[in-house]
Structure formats: C-alpha cells, structure tokens
1. For the chain, modelled as a Gaussian network with Cα springs under 10 Å, which listed residue fluctuates most, GLN115, GLN254, GLN283?
2. So in the chain, what percent of DSSP beta bridges are antiparallel if you round to the nearest 5?
3. Rounded to the nearest Å, what's the spacing between the alpha carbon centres of the range 221-242 and the range 279-326? Just the number, please.
4. Per-residue ellipticity at 222 nm for the chain, helices alone: DSSP H runs ≥ 4 residues times -39500 (n - 2.57), over residue total, nearest 500 deg cm²/dmol?
5. For the chain, calculate the relative contact order in percent as a whole number, restricting contacts to Cα pairs under 8 Å that are 6 or more residues apart.
6. Going by how many other beta carbons lie within 10 Å of each one, how would you line up GLU248, GLU176, GLU309, fewest first?
7. Can you give me the Kirkwood hydrodynamic radius for the range 200-285, using every pair of distinct Cα atoms, in Å to one decimal?
8. Output the relative contact order of the range 10-96, whole-number percent, from Cα pairs under 8 angstrom with separation of 6+ residues.
Amino acid sequence: MARIGMLTSGGDCQALNAAMRGVVKGLGNLGDQLEIYGFLDGYRGLIYGDCRLLTSKDFSGILTRGGTILGTSRQPFKLMREPDENGLDKVEAMKQTYSKLDLDCLVILGGNGTQKTANLLREEGLHIIHLPKTIDNDIYGTDITFGFQSALEIATNTIDCIHTTAASHNRVFVVEIMGHKVGWLPLHAGIAGGADIILIPEIPYDIAKVVEAVNHRTSQGKGFTILAVAEGAISIENAAKSKKEFKEYKRTVQWPSVSYEVADRIAEATGCEVRVTVPGHMQRGGSPCPYDRVLCTQLGAAAALAIEEQDYGCMIAMVNGQTTRVPLGEVAGKLKTIDPNCQLVQEAKQIGICFGD
Ligand code: F6P
C-alpha cells in the first residue's frame, strides 16, 4: 500500500488541478494499492490534520478546471517556526499528521514560500516531492513554472484589448501586470502585447526616461502609448531607499500602486490623457492553457515516477525541455530573477521598447 499526501499552497493558478491529476494518473498502475490524502487549504490542512481520503475518481475531469480542488491558503514560511494563537508548534503538528496517517510521501504544489516550507519538512525527515507552481515563473532551478503561460495569455489579452481603445481615444494606458519581486509576466506580456514601455522590478526606472519615450511617440504622430508595468516596478530613487524608508514612502503617498504613480507623473509631464487598467487576480483565473496542461501532465508523470522509485527531497523541474529532479536543498530560498542584460531584454530594446533605464 502506498499512502500519498497532497496539498496546494500559496496563491492559486490555473493548472494546479492538471498537475495533481498528472501525479495520480501517473500512479494509476498501483490501482487500489494507492491511498491519496488531500490536505485542505494548503499547509493549514497539514497542521490541523484537515484532510480527505481521495480516489482516482476525484482527479478525473479536472484537467481543464482552474483553481484547486483542495483549496489553498498563504501560510508564511517566516511564521512556520512560531506557535499558532493556541501555542501549537506548527512544524511538530505537520510531522505528527504525516506519521499518524503513515504517509510514504507528501506531494506539495506551490511557489517560493511553499517550497521553503517543503524544504524545512524535508530537513525534518519527511519525504517530499515539490511541483513548481506560480504565475510569476520565479522559481529557481526550473525553466518554467506551471500557471505562467496561462496567466501570460490573460495578461497579453488585456493589453490587446487596451490597444484598440487606447488608439481610438489617443490615450496613454498603464496596464499593471502581476509580479511583485520579479517581472517575467510583465516582460513577456508586454512584448507579446506590443507595449511601448515595460517597467519591471529588476530594472529600476527613471520617470524622465519614461516621459521622454511617451513624448517621442507623440512627436512621431503616434497618438497612444501602452505601458506594461509590474506590480513591483520601482523608480531609481525608491530602489535606493532602505526597506523601511520605502515602506514609509508608500504609506505617505496617495497612489494605491506604482501604476497610478507612473500614470500621474506622465499626465503631469506630458499633458496626455492617461488611464490605468489592473487585471489583478483575473490573471490567475480560468482554465489552464494547452501549454500548461501539457507541462503539468509531464511534471505529474515525472513526479509519479520519482514516487515509485522512492526518490524524494526534490522539485520536479523542467530543464531544457526535460523533466528533471532537482534537490530541494539546492534551490529553496532562491529566486529566479530577470538579468537586465539578458538577450530578451536587449532584443526588446533593439525594437524600441523603453525600460525606463
Ligand atoms: O501567486 C503569485 C501572485 O499572483 C503574485 O503575482 C501577486 O503579486 C500575488 O500573488 C498576489 O497575492 P494575493 O493573491 O495574496 O493577493
């Protein structure tokens, strides 16, 4: 009998169900020798022993379903070593749930924070398989994370839709794309959607350069300009501030996010009509795109093989088109950021996209 625990943690994305389905289908040869415990709402379910015994039937027909059938929640890694409001030791509680159910391994689907806790549990002796999920595509050690391509389609579609109205009204549009610490989604959606200016956290912007780019388009008779701005885009001045100073700055300004600040500053300096569009959590919603369905099927099958071979303590990654087992200890806590000098950024600049630097 193989007993597998499964949980989805952190922000959801479109392809979590597809990935879980891949794992369970991949273990199909175990038949009724397989027991699957689904923990509800991420690590919360593991901490408090809140789980359901699932069968392969629960994973049928969910390839195209967004969200997660297990539910999810954010349980910050930095609080894992702190007792809960009733004094419960969360790490001990998770270990107890694992041993009470006599699990052979735990399949954990999630992003960077989730991965750090997965690695902590590995260090505590649990058998862990991690699957890299996030629309941000910022997990170190894998070329791609599932959710990214699905979110990219939505973010790109948003920019496409904005294009027509921006052109009709001769307006400047700021489209805010998810990504607090890294800019993979805004970079790719910006290029795919034909944005004129892309601002990402990895390249602090000079607002004068942004204004210059808008004015340059206007002087060429182009009535509209589109900016793809990451949630975490940051000006050169703010990037020079300490964390505390920057927090204080954000507390005192009137803008709800950087996009509104950029929009106001452009309007002030150019006299153009500027609008802001924030697709927000729509970017994580709906069905997984075909790319993610294929990716999750591959990652799920590869995870199943690792479980069969009892090769634990790893992330199932996609590297150079091949599924690969990457030791969790080598990647947990690292972030995959964009190199400002990478080919993609250089080529985007070559065709005239401004990054505000
Ligand atoms: O999960 C990644 C992400 O979508 C980021 O792109 C975004 O900054 C963040 O989550 C939003 O978090 P929440 O869903 O908690 O508002």
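Readers should treat all values here as calculations from the given coordinates under stated rules, not as data from a laboratory. As the structure is a prediction and not an experimental result, all values here were calculated from the model. In this analysis, Cβ positions are derived from the backbone assuming ideal geometry, glycine residues included, and neighbour counts consider all displayed protein chains.
1. GLN254
2. 25 percent
3. 32 Å
4. Computed ellipticity for the chain at 222 nm equals -12000 deg cm²/dmol.
5. Relative CO of the chain lands at 24 percent.
6. In order of increasing Cβ crowding within 10 Å: GLU309, GLU248, GLU176.
7. 14.2 Å
8. 38 percent
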